[in-house]
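Only the coordinates and a few stated rules stand behind these numbers; no lab work does. Quick caveat: nothing in here was measured; it's all calculated off a predicted structure. Using ideal geometry, Cβ is built from the backbone for each residue, glycine included, and neighbour counts are taken over all protein chains shown.
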C-alpha cells in the first residue's frame, strides 16, 4: 500500500510539472491580459466612472518620494483621478533582508532621481520612528482631506521633502493617537494586501500594479491606448529613460580597462532571466569581460517567497520581457533538481569557455520554452545546444565531489554579494559600482561610456 501511494504521488507530481508550463503560458498570455483589460474598461464605461488610480505611499520610502514629485504633472497629462493611500508597516515575510533593502533603496533612488532630474537628499535621513509616525500622521490628515477636495500634490510633496531633508515636519503630532487616523492607516494596509500587493510606491489601475517611476511607462502606454491623454497628439511615454537608449549608441572607444562586468545570478529568478540577457548584450556591445556568479535561489536557502510576491514578479517580468524583446512566460520552474543540474554543470561549461551560452540556453529553456530541466530529456537538450558532451555531463551529475564543489562556490558567491551590500539577484558589479535589479543596467552603461570617454581624452 505504501509503495502504491509513493508511486501515485510521483505520477501526480510529474503530471503537475508537465501541466505547469502550459498553465503559466496561458496565465501570462497577451490574449488573457487583453480580455481582462477589456472587461475592466467595459465596466468603467457602463458605470460612467473616471479612470481611477490608487497610489500607496510610505513616508520613509524613497521611491514614494520620487513618485509624488511627478504625480501632479501626470494628472495634467492624463484624464485620471488619483487617490493616495498612506501606509507605514511593511509585510515582514516579503522582505528577507529589510535593512539591506532600505539601504539599497536610498542608493538606487539616488540614481533614479539623477536620471529624471528630481530632488533627493545627499544623505539618508535617520529612520527615526517618531519622525516616521509624525510624517505618516501628516499624510493621513491630507489623505482625509483629499477624499473631498482631491490630492494637493504640492502639500504632499512638501511633507515628503520635510522628512527626507530632515526639516521640521508640518504637524506637531509626534504619534498616531487619533483613533480615526489609526483606523484609516490599518484599512489602507489591509487594502493593499487584499488587492494583492506588499510594497509602497505602488499604483493600482484597473486590476494591474505599477511600481514607482520604473513601471510608469507601462501605465502611460495603457492610458494612451485608451485615449485617456488630454491632448490629441500627446500620446507619449516619458518614463522610459532606464531602457530607451540601452546599447543603441556606438562605442566611444575600444575598451581599455581591467574592469569587468559581473552579474550575480539565480537560474530560478525571473528578473535574472532578463538581467542576464541585458548583461550579455552590454558586455558584447562594449567588448567587456563578463563573469557570471550563480547563487542558490532564496527558497532553496530556506527564505520564504509568498504567493502574492511570486505572482506579481511573474506578471511584471512578462511585461518587462515584452518591452525588452525577450521571450518569457512558458515557464518550467527549475526549483530543486533543475537548479542543481544547472549549477552542477556550470564548472564543466566554464572549462569549455561556454558558460555564458550554457546559462543563457538554460535560462531560455526554463523561462520561455517550457523545458523541464530536472529530467534527462530536458537537460540533454540544453547541454547539447551549448556544445557540451551529454555523456560526460551525465557522469558529472553522478559525482558527489562535483555536487559538493558547486554548493561551496554558490555559497561563496552569495557571501561576496552580501559583502558588496546587496542581498538579491540580479546584482551587477562594474568596478566600484554595484547595482541591484535589471532596471539599473542602463546606469552601468552610462558609467562604461564615461570610462571610455576619459580613456579617449587621455589618449
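Quick one: work out the % antiparallel among DSSP beta bridges in the chain, nearest 5. Each step should come with its number before you reach the end.
Details: 17 of 29 bridges.
So the antiparallel bridges amount to about 60 percent of the total.
Looking at the range 50-225 only, what percent of DSSP beta bridges run antiparallel? Nearest 5 please.
Working: 8 of 15 bridges.
The antiparallel fraction comes to roughly 55 percent.
Each 20 Å bin from zero up to the one holding the largest Cα-Cα distance in the chain carries the following percent of pairs: 22, 52, 24, 2.
State whether the range 1-149 is rounded, prolate or oblate according to the following rule on the C-alpha gyration tensor (a ≥ b ≥ c being the square roots of its eigenvalues): a/c under 1.5 gives rounded; otherwise a/b larger than b/c gives prolate, and the remaining case gives oblate. Kindly include the intermediate steps, with their values, before the conclusion.
On the way: a/c = 2.40, a/b = 1.48, b/c = 1.62.
Note, shape of the range 1-149 comes out oblate.
Against the longest principal axis of the chain, how steep is helix 129-149, in degrees 0 to 90 to the nearest 10, with axes from Cα atoms? For 129-149 against the chain, the angle is about 60 degrees. Per-residue ellipticity at 222 nm, computed for the chain from helices alone with -39500 (n - 2.57) per DSSP H run of at least four residues, works out to -18500 deg cm²/dmol.
Shape of the range 380-459 from its Cα gyration tensor (a ≥ b ≥ c, root eigenvalues): rounded if a/c is under 1.5, otherwise prolate when a/b > b/c, or oblate? Judged from the Cα gyration tensor, the range 380-459 comes out prolate (a/c at least 1.5, a/b above b/c).
Indicate the gyration tensor shape class of the range 50-225 (rounded, prolate or oblate), computed on the Cα atoms with a ≥ b ≥ c the square roots of the eigenvalues: a/c under 1.5 is rounded; otherwise a/b larger than b/c is prolate and the rest oblate.
Values: a/c = 1.32, a/b = 1.15, b/c = 1.15.
Taking the square roots of the gyration eigenvalues as a ≥ b ≥ c, the range 50-225 is rounded.
Rounded to the nearest 10 degrees, the angle from helix 98-116 to the longest Cα principal axis of the chain is 70 degrees. Among 30, 110, 242, a tally of other beta-carbon atoms within 10 Å of each Cβ gives an order, fewest to most, of 30, 110, 242.
What the Cα atoms of the range 261-454 give is an Rg and a Dmax of 16.2, 50 Å. Taking Cα centroids, how far is the range 187-221 from the range 273-347 in Å? Rounded to whole Å, the Cα centres lie 23 Å apart.
Averaging sequence separations of C-alpha pairs under 8 Å and six or more residues apart, then dividing by the length of the chain, give the relative contact order as a whole percent. Kindly include the intermediate steps, with their values, before the conclusion.
Values: 610 pairs, mean separation 82.3, N = 459.
In percent, rounded to a whole number, it is 18.
Quick one: helix 216-225 against the long Cα principal axis of the chain, what's the angle to the nearest 10°, folded into 0 to 90? Helix 216-225 sits roughly 80 degrees off the main axis of the chain.
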